[in-house]
Amino acid sequence: MNQNKMLRIFSAVAVVAMVLAFVSCSSEDGGNPAGSNTGDGDQDGTGEDDFAISIIGFSFSPANITVKVGATLTWTNMDSAPHTVTSDDGRFASSGNLSTNDTYRLTFSEAGTFPYHCSIHPSMKGTITVEL
Ligand SMILES: [Cu+2]
């Protein structure tokens, strides 16, 4: 009797743990709709207008990039520390805090020079140059 009760409790705990693991996995996927498209950041220059920028080692890589109007850039935070992608002059919306493996996608529809930084670590800087 007692052993049966223990078994039931143990299996209930196991089921809860499995459900929790599943939920946390799927919510991570759901929170990153762009993540499925970005792959491992090896799409630099492979598409005509899709570019990947890694945030790694407290820097943007590549820090400076030149793209055509209409290009989409995807930043991926590969650090364990949170980072942001924040326009120096507010010309594009800030990413807010990006946790590990979070991505931020932006399409640049105007030509110009767009300097940006990480609002948590102001020494992290990058520049997007958008050409016609
Ligand atoms: Cu940062």
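Annotations for the structure displayed:
- Residues in the stretch 92-120 that are over 16 Å from PHE60 (Cα atoms) and either among the aliphatic types (A, V, I, L, M) or within 16 Å of the ligand (Cβ to nearest atom) (or both): ALA93, ALA111.
- Single residue of the stretch 68-91 satisfying the filter (of a type in the set (A, V, I, L, M, F, W, C) and over 14 Å from the mean Cα position of the chain (by Cα)) that is surrounded by the fewest Cβ atoms within 10 Å (Cβ to Cβ): VAL69
- The stretch 63-91, residues that are part of a loop (DSSP other than H, G, I, E, B) and within 16 Å of the ligand (Cβ to nearest atom): ALA63, MET78, ASP79, SER80, ALA81, PRO82, THR84, VAL85, ASP88
- Hits in the stretch 106-132 (condition: part of a strand (DSSP E or B) and polar (S, T, N, Q)): THR107, THR113, THR127, THR129
- Any hit, the stretch 49-58, residues being at negative phi, away from the ligand (no atom under 16 Å from the Cβ), modelled with pLDDT under 95 and not in a strand (DSSP E or B): yes
- Those residues of the stretch 92-105 which are assigned to a loop (DSSP other than H, G, I, E, B) and within 8 Å of the chain's Cα centre (by Cα), in sequence order: SER99, THR100, ASN101, ASP102
The values are calculated or read from the model by the stated rules, or taken from the named source; none is laboratory data. Predicted model, so just to flag it, every value in this text is computed and none were measured. Reconstructed Cβ throughout: ideal geometry from the backbone, glycine too, with neighbour counts over all protein chains shown.
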